[in-house]
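Scroll down for the structure; my scribbles are underneath it.
The values are calculated or read from the model by the stated rules, or taken from the named source; none is laboratory data. Since the structure is predicted, the reported quantities are computational estimates derived from the model, not experimental observations. Don't worry about glycine lacking a Cβ; one is built from the backbone with ideal geometry, like all the others, and counts go over all protein chains shown. Side chains are part of the model used for accessible areas, which takes the heavy atoms of the whole protein and leaves out ligands, DNA and RNA. Shrake-Rupley method; radii C 1.70, N 1.55, O 1.52, S 1.80 Å.
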Amino acid sequence: MASHPPFLLQNTLTGKLEPLEPQDSNFLRMYSCGPTVYSYAHIGNFRTFITSDLIVRTARAIGWDVRYVSNITDVGHLTEDDVADAGGEDKMAKALKSKEGEQFANVYDLARYYADALNLDWQILNLLEPDVRPRATEHITQQIEAIEKLIEKGHAYETADAVYFDVGSFKEYGKLSGNREANQLEESVRDIVVDPNKRDSRDFALWKKDDKHLMQWYSPFGRGFPGWHIECSVMSMQYLGEHFDLHGGGEDLIFPHHECEIAQSEGLTGKPFADMWVHTRFLQVEGAKMSKSKGNFFTVRDLTGPESKGGRNINPFAVRLALISGQYRKPYNFTFKTLSDCIQNVERFQAVEKVAEEGLKNGDDAPDTLGDALDSCYERTLHAMLDDLNTPLAISAALEGSKLITKQETLSKASAEKVKAWLDKTNALLGLFKYDNGYNPATATTEDTLSTKVEHLLEARQAARNARDYARADEIRDELDQMGIEVKDTPNGPTWKKKAKI
RNA sequence: GGUGACGUGGCCGAGUGGCUAGGCAGAGGUCUGCAAAACCUCGUACGGCGGUUCGAAUCCGCCCGUCACCUCCA
């Protein structure tokens with residue numbers, strides 16, 4: 001592996017840009033918080049997941065091995081909560097009672113359904129599969145064991161309603177978020193749910209006793225369910241060890257979730273937990289926070305699905321490109337204007353692939369003229385990624401590379417090989433135009449089939465063009481356009497595609 | 001009230017004292033029946049006010065504004 005600059009990332013723990021230095025050199029162990037599967041994941045969720053994906057891709061590009069763990073939370077979080085004291089209704093139980101939830105026999109079915117949906121969306125956006133995707137419900141025993149140990153060590157105590165983590169016993173509480181003082185919390189929270197038996201209002205639940213709850217397990221503390229922070233401590237340490245390199249998630253998780261994870265984990269082991277914490281900022285859509293009531297709330301399938309299923313038929317790679325067009329740690333405004341630009345750019349990359357294939361097949365034996373320039377483009381792309389995942393810069397370097405290629409009239413075989421290699425490397429890093437996560441879109445049920453009417457119109461237009469009846473040909477093209485079919489003429493004959501609905 | 005991020009041309013953004021990044025969009029042109037694609041050409045911006053300096057987007061101060069977290073959320 002050629003030498004490269006350090007892999008810099010913004011560490012929330014120190015507030016600084018720092019080189020990522022795995023404990024075992026060239027072997028990165030990272031954990032990324034996944035979603036609670038009570039509904040379809042939305043594009044904001046995926047902005048965060050893509051950040052993790054890009055870290056993995058960048059690490060592999062510089063020759064590191066990566067063990068990448070990302071969980072699925074299939075135990076309900078609670079809708080109304082103080083810092084962590086379960087006071088409200090279980091989110092998944094609530095989903096089950098909603099209109100969409102009626103189709104599910106029980107909360108486990110619901111969780112399974114949305115977990116499967118998450119996996120499919122994950123694949124469609126070309127995110128790499130985690131090496132381990134643990135589920136909270138499959139790690140209940142380990143969570144109970146961790147709680148018992150925390151009690152033993154004096155970091156947790158039991159009340160009539162719950163087992164709480166004793167924040168006062170962990171001096172460094174607040175080191176991630178800056179929320180150190182109990183009074184800060186009390187001043188800000190309006191309708192705080194206070195268990196009179198809690199020693200400190202910052203204390204958070206490790207186990208909630210509740211034998212009425214939809215999801216409940218037996219434990220030494222009585223029937224109930226785990227608090228919502230303990231699962232990530234347990235699962236990350238099980239698959240990555242007590243002290244690992246990087247932990248990521250959305251910015252909202254800084255507090256309380258990750259703050260509590262640190263307290264539990266370090267309280268448990270006495271060792272530092274994760275060295276680097278990387279948080280992705282929230283996405284805005286058309287300048288506003290995503291919300292269903294504002295009508296700017298989108299799931300992956302809303303954008304990429306077929307029109308017949310209420311989707312917009314947008315190239316998934318364009319969605320991916322749009323989501324990484326801003327750097328992960330800066331606020332980013334996702335707009336349909338950007339998305340529509342991204343469709344063009346993704347298609348440009350995909351067109352370059354065809355050019356390369358053509359060159360490999362029919363290129364002449366002239367010497368390569370592109371390799372060096374493309375190597376330099378790739379290097380700029382990689383260096384941009386190593387500099388705190390500077391995706392806008394990385395993308396611009398990649399687009400410049402594509403321009404170098406489309407400038408050529410034809411490609412020699414030698415050049416085509418270089419182009420192919422460049423495309424593969426660039427795609428391995430950014431994942432922007434070709435599936436490399438094992439997903440095969442051909443096996444998916446797309447509805448991109450043409451009605452016989454469309455077939456006939458395409459033929460009729462060709463006939464009109466052949467007869468030089470261009471007025472008629474354009475008329476048919478307009479008609480097809482109205483039907484959502486875009487026709488383009490090329491030297492090799494007309495091509496068509498179903499337009500995205502933006 | 002506390003904590004943190006951030007304000008560069010239509011958009012995403014490089015840039016840490018002087019040498020007009022880059023990409024995308026847009027405009028004009030070439031080409032093709034037209035359209036699309038492709039190619040060529042075109043952009044002097046840095047929230048405001050002071051200060052430091054020969055010189056500031058870049059350093060200092062104040063102000064203004066945006067966003068987020070502290071409450072379920074990626």
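Overview of results
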{"quantity": "For A:D275, distant residues with modelled amide H under 5 Å away", "calculated": "A:F244, A:D245, A:L246"}
{"quantity": "Where chain A is the region considered: accessible area per residue in Å², 1.4 Å probe", "calculated": "45"}
{"quantity": "Carbon/sulfur fraction of accessible area - chain A, other protein chains in place, 1.4 Å, %", "calculated": "47"}
{"quantity": "Amide H contacts under 5 Å for A:Y328, placed H, 5+ residues apart", "calculated": "A:T391"}
{"quantity": "Contact order relative to length of the range A:188-342, as percent, for alpha carbon pairs under 8 angstrom and 6 or more apart", "calculated": "16"}
{"quantity": "Inter-probe distance in nm under a simple model that places probes 7 Å from Cα toward Cβ, at A:N466 and A:H243", "calculated": "7.6"}
{"quantity": "Crossing angle, helix A:470-482 versus chain A [Cα axis fit, 0-90 degrees, rounded to tens]", "calculated": "10"}
{"quantity": "Difference of contour (0.36 nm per residue) and Cα-Cα distance, A:K501 to A:E286", "calculated": "75.8 nm"}
{"quantity": "38 Å tail of the calculated P(r), chain A, as % of Cα pairs", "calculated": "35"}
{"quantity": "Table column - 3J(HN,Hα) (Hz), the range A:38-47, Karplus curve with 6.51, -1.76, 1.60, x for Gly and Pro", "calculated": "10, 6, 5, 6, 10, 5, x, 4, 6, 4"}
{"quantity": "Nearest-ten-degree value, helix A:391-406 long axis tilted from longest Cα axis of chain A", "calculated": "20"}
{"quantity": "Mean residue ellipticity (222 nm) of chain A, computed from DSSP H runs ≥ 4 via -39,500 (n - 2.57), nearest 500", "calculated": "-13000 deg cm²/dmol"}
{"quantity": "Segments A:326-333, A:494-501 sorted - mean Cβ within 10 Å per residue, highest first", "calculated": "A:326-333, A:494-501"}
{"quantity": "From phi via Karplus (6.51, -1.76, 1.60), per-residue ³J(HN,Hα) for the range A:125-130 in Hz, x at Gly/Pro", "calculated": "8, 6, 8, 5, 5, x"}
{"quantity": "On Cα atoms only, tilt of A:452-466 relative to the major axis of chain A in degrees", "calculated": "40"}
{"quantity": "Filter on A:K292/A:K499; A:K403/A:K497; A:K91/A:K208; A:K354/A:K497; A:K453/A:K497 - keep pairs with C-alpha separation over 18 Å", "calculated": "A:K292/A:K499; A:K403/A:K497"}
{"quantity": "Note, ³J(HN,Hα) from phi for the range A:151-167, Karplus 6.51, -1.76, 1.60, rounded to Hz, x at Gly and Pro", "calculated": "5, 3, 7, x, 9, 8, 9, 9, 10, 5, 9, 6, 10, 10, 7, 8, 4"}
